[in-house]
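Presented below is the structure to which this report refers.
The values are calculated or read from the model by the stated rules, or taken from the named source; none is laboratory data. These figures come from a predicted structure and were not determined experimentally. Cβ: placed from backbone, ideal geometry, glycine included. Neighbour counts: every protein chain shown.
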Amino acid sequence: MTDNSQVGTDGIQKVRNIGIIAHIDAGKTTTTERILFHTGQTHRMGNVDEGTTTTDFMDQERERGITIQSAAVTCEWLGHQINIIDTPGHIDFTAEVQRSLRVLDGGVVVFDGVAGVEPQSETVWRQADRFGVPRIGFVNKMDRTGASFPRTLDMVKERLAANPVAVQIPIGAEADLAGVVDLIEMQAIFFGEGDVPHVTAIPEKMQAAAHEWRQRMLEQMADLDDEIAVHYLEGQEVPATLLRSALRRETVAGHIVPFLCGSSLRNKGVQPLLDAITAYLPSPLDVPAMRGTVPGTDEEVECHPDPSAPTAALVFKIVTDPYMGRLVYFRVYSGTLRHGQTLLNVNRKENERAGRIVRMHADHRDEVEEMRAGDIGAVLGFKAAGTGETLCASERPVLLEKIHFPTPVISLAVEPVTKADNAKLGLCLQRLADEDPTIQVRQDDRTGQTVVSGMGELHLEVFVERMKREFNVHARVGEPQVAYCETITRLARGEYRLVRQTGGHGQFAHVILTMEPLPAGSGFVFEDALRGSSIPRKFVPAIESGIRDALQRGVVADNPVIDIKVTLVDGNYHEVDSSDMAFRAAASMALQDGASRAGAIILEPIMHLEVITPEEYTGEVMGDLKIRRASITGMERRHETQSITADVPLATMFNYASGLRSRTQGRGAFTMEFDHYAPVSEAVQRMLSLKKAA
Ligand SMILES: Nc1nc2c(ncn2[C@@H]2O[C@H](COP(=O)(O)OP(=O)(O)OP(=O)(O)O)[C@@H](O)[C@H]2O)c(=O)[nH]1
Ligand SMILES: [Mg+2]
């Protein structure tokens, strides 16, 4: 067991919690791998293309060459402890980015130097904006033909409405990329075969460009910093220390984004990137204190990163490790989380005892006694704690805000092949859904099938593979289908009186409720407005469960009902014949009764789509989108390509990937993410309701 000495009370300022985020294939995992190599965490450089990287450890990641799960690793650089989360770029796994951004203090956004700002770069940039995460930019793949650092910066300015500040420029291009000019120290850094970069004077032929770019950087910084402005206007040299501290302050404040460049694959630019992470990205002390509330109230609590304060930590990820068991990843916001400590799980109102605490390195794990405020790690021994839940010291209960995840929009029916498969299915689904909050599992009462919903076709494909490989469950899997929802459009009253006399004592329950539509995204709200003693309070939970049952089953067809408020207003009971079971059933029926008058409709997911196609195929791509009922929201020419944005019903977009590929000779690309729910056409509503009646 090692001492966790790096992160002492005053060590917190030397901690960096950062995420690597970008469009798919920009080189996040390769960059992470090189960081681990250059910080001495690995002695062999892993490669995505050979399936040998540290952070893409799942076998499907290695085979597909893409990241599926975010992975957390720790390394040290210049006396700093850097906790890095490598995230996936594919839109189906966007929840992994979401949860990572929630616990990070800073981000490195990687761009492909040829493609520049790609659709998913915009998405992650917006996500980082929403979480207020300061970031630096790394223009990767500068070794590729057609890569351009200035063009990428222009795209960042235009499309991300950001203020990029170049602190480097590349030396050489494409196959001849040799190093970078450091515009702060005004020196050249060359990366050869060896481990240590070679620092020299700026080569003669780069002098003019270097001065021009430095001038540009100084102008940008003079706008933000008075001291730099004075130096600049008076024609004096601006000291590097002054520049660095201004860059740091303005980056942390989110006013600028320092930009670096290189090629991770060719080992160029990685050490300066590490320097920049320590120099410009915030420590846990530099970001606003995490806020929470006193459970059950709106009273705010600030959780300062003070190791001696009462503990408060947020669970952001669960991984079932084949050797270690259930690993619960957390970030400590205040206090210290100790081995053996009993913590209150605020969301579940249960106590849990922390088992072993581990720090994840590249190819090993360090067991530590404790983790202090500001740090990220994993703990064993928590049986219940789920993603987004708060663990805290019982003397100061605090509820940190939950992590919001996107809505799963595609479903798949799963039917176990044999009895043995059936027996294993339950545990398997529970485990996988435990790890992935964007997987939802429900039972379809009509068909008896298990329905799994997820974010996209790839997401579900990966899920089904994991069922087979990790749990050895073989199942017949249906075609992916749209996950429809239902809602109501007007206020209605529902009532049901359940009276059953069968032999001994009967069943009696009488429930009266009202229902009303809520704004999109509100989910389900239940209110108990019972007055007097028409129904004893002890039956209210059963009534709420009955309503939930009915909402799950759907009121028009078999789709869950969302954005609805149900108020229990009145009813009646019988001393002997009333029971939880009777009230649960009566509440379900009362809801169904009211829904028949509440203008219930079926909603379908509408996706936000962006297609990038070579210009010559624009006509064909547009024609096809029209057939798919897309409404075009924007078109933009970008160099020799055309970008088309549209809102389109998911129902028409299955197999779009192969359709687009054949229409554009494999040169078109697209991303698609859930945008909102909209009512289906009357014809579709009729068709889907008929299915339920059948
Ligand atoms: N030429 C070149 N190729 C690179 C560079 N960095 C990464 N690649 C290649 O780009 C591909 C994608 O790299 P990854 O590191 O897996 O990219 P990623 O951003 O982690 O991808 P996802 O996690 O799937 O979103 C691989 O084939 C890498 O070998 C680079 O600097 N130059
Ligand atoms: Mg990756």
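See the values below:
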{"quantity": "Out of Leu412, Leu425, Leu391, Leu460, sole residue that is part of a strand (DSSP E or B), modelled with pLDDT of 90 or more, buried (at least 17 other Cβ atoms within 10 Å of the Cβ) and in contact with a Pro (Cβ under 7 Å, 6 or more places away or on another chain)", "calculated": "Leu412"}
{"quantity": "Whichever residue in region 55-87 is in a loop (DSSP other than H, G, I, E, B) and either away from ligand 2 (no atom under 11 Å from the Cβ) or among the basic types (Lys, Arg) (or both) and, among such residues, is surrounded by the fewest Cβ atoms within 10 Å (Cβ to Cβ)", "calculated": "Gly79"}
{"quantity": "Which numbered condition Thr52 misses (of (1) hydroxyl-bearing (Ser, Thr, Tyr); (2) away from ligand 2 (no atom under 12 Å from the Cβ); (3) crowded, with 23+ Cβ neighbours inside 10 Å; (4) assigned to a loop (DSSP other than H, G, I, E, B))", "calculated": "(3)"}
{"quantity": "Qualifying positions in region 36-49 - in a helix (DSSP H, G or I), surrounded by 20 or more Cβ atoms within 10 Å (Cβ to Cβ) and within 13 Å of ligand 2 (Cβ to nearest atom)", "calculated": "Val48"}
{"quantity": "Qualifying position, being away from ligand 1 (no atom under 14 Å from the Cβ), assigned to a helix (DSSP H, G or I) and buried (at least 22 other Cβ atoms within 10 Å of the Cβ), among Arg99, Arg126", "calculated": "Arg99"}
{"quantity": "Region 239-258: number of residues that are in contact with a Leu (Cβ under 9 Å, 6 or more places away or on another chain) and either at pLDDT below 95 or charged (D, E, K, R) (or both)", "calculated": "3"}
{"quantity": "Matching entry among Glu620, Glu640 (being in contact (Cβ under 8 Å) with a residue 12 or more places away in the chain, exposed (fewer than 13 other Cβ atoms within 10 Å of the Cβ) and in contact with a helix residue (DSSP H, G or I) (Cβ under 7 Å, 6 or more places away or on another chain))", "calculated": "Glu640"}
{"quantity": "Region 8-30 - residue that is out of contact with any strand residue (DSSP E or B) (no Cβ under 6 Å at 6 or more places or on another chain) and within 12 Å of ligand 2 (Cβ to nearest atom) and, of those, farthest from Glu461 (Cα to Cα)", "calculated": "Thr30"}
{"quantity": "Top-ranked residue in region 258-294 [being within 19 Å of Val114 (Cα to Cα) and outside any strand (DSSP E or B); ranked as nearest to ligand 2 (Cβ to nearest atom)]", "calculated": "Ser264"}
{"quantity": "Inter-residue pairs, beta-carbon under 9 Å, first more than 19 Å from Glu610 (Cα to Cα) and in region 674-689, second hydroxyl-bearing (Ser, Thr, Tyr) and part of a strand (DSSP E or B), 6+ apart", "calculated": "Pro679/Thr487"}
{"quantity": "Complete set of residues in region 32-82 that are under 24 Å from Leu458 (Cβ atoms), more than 9 Å from ligand 1 (Cβ to nearest atom), in contact (Cβ under 8 Å) with a residue 24 or more places away in the chain and over 20 Å from the mean Cα position of the chain (by Cα)", "calculated": "Thr54, Asp59"}
{"quantity": "All positions within region 102-117 that are assigned to a loop (DSSP other than H, G, I, E, B), buried (at least 23 other Cβ atoms within 10 Å of the Cβ) and within 13 Å of ligand 1 (Cβ to nearest atom)", "calculated": "Gly113"}
{"quantity": "Residue match in region 167-183 (condition: assigned to a loop (DSSP other than H, G, I, E, B), crowded, with 20+ Cβ neighbours inside 10 Å and away from ligand 1 (no atom under 16 Å from the Cβ))", "calculated": "yes"}
{"quantity": "Residue within region 240-257 that is over 20 Å from Leu160 (Cβ atoms) and not in a helix (DSSP H, G or I) present", "calculated": "no"}
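Condition check ((1) buried (at least 20 other Cβ atoms within 10 Å of the Cβ); (2) over 21 Å from Ala585 (Cβ atoms)) across all residues:
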| position | (1), (2) |
| --- | --- |
| Ala483 | yes, yes |
| Thr487 | yes, yes |
| Glu495 | no, no |
| Val525 | no, yes |
| Arg531 | no, yes |
| Pro536 | no, no |
| Val540 | no, no |
